[in-house]
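Some notes on the structure that comes next.
The values are calculated or read from the model by the stated rules, or taken from the named source; none is laboratory data. Note that this is a predicted model, so its numbers are computed, not measured. Heads up, the Cβs are rebuilt from the backbone with ideal geometry, glycines too, and the neighbour counts pull from every protein chain shown.
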Amino acid sequence: MRVVLAVVALLLTSCATTAAPPQHNAADVMFLQMLIPQNQQGIEIVRLAAARPLPASVKELAAAIEVTQKTEIDDMRGWLREWNQPETVPPQAHAGHGGMKMTSPDLVGALKAAPDGEFTRRFLDVLTGQQQGAVELAQTENGTSGGVNPQARDLARRVIESRTAEVKQLLNVKT
């Protein structure tokens with residue numbers, strides 16, 4: 001009987017000391033904090049398509065990107081709130097993690113000012129770079145030292161898949 005009690009006590013003790021896996025880690029938080037402004041800038045870029053001469057397929061893709069990235073931002077903000085984490089931090093705070101994958105504000109400004117005759121080519125170049133930056137960012141979340149949160153990791157997987165497909169579509173547009 002003493003052996004049984006000792007085994008039960010040992011089992012109870014080991015159960016109490018076994019820590020549950022973390023709901024999220026610093027990599028998850030960093031990924032979301034970096035992807036939110038990345039998506040915001042992507043939305044700024046794709047909104048330029050509405051009033052400019054572009055092939056219909058590119059306008060449709062731009063509209064789809066806007067909807068997708070708005071939804072992603074809403075989800076990410078919600079997760080950060082649940083985790084009691086700030087939505088934004090100074091960009092230099094993530095310098096050790098590869099830094100922000102943002103498109104240069106100068107490129108975005110030049111795109112806005114581009115004459116209609118040059119806009120399609122520049123738009124495709126800028127948006128392609130923007131989407132590739134999102135893929136690189138998402139790869140950090142799902143890398144070996146990345147996040148642990150299943151929702152954030154799934155978002156990263158979806159970003160990699162969707163942005164890679166969008167880049168392929170953008171590269172196949174005839175200008």
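Quick notes on this structure:
- Selection within segment 130-150 - in a helix (DSSP H, G or I) and surrounded by fewer than 23 Cβ atoms within 10 Å (Cβ to Cβ): Gln132, Gly133, Val135, Glu136, Gln139, Thr140, Pro150
- For segment 151-160, the criterion of being loosely packed, with under 14 Cβ neighbours inside 10 Å and more than 30 Å from Ala56 (Cα to Cα) is satisfied by at least one residue.
- Close pairs from segment 32-60: first among the acidic types (Asp, Glu), partner at pLDDT below 95, Cβ under 7 Å, at least 6 apart: Glu44/Val108
- Considering only residues in segment 53-91 that are of a type in the set (Ser, Thr, Tyr) and under 18 Å from Gln169 (Cβ atoms), the one that is nearest to the chain's Cα centre (by Cα) turns out to be Thr68.
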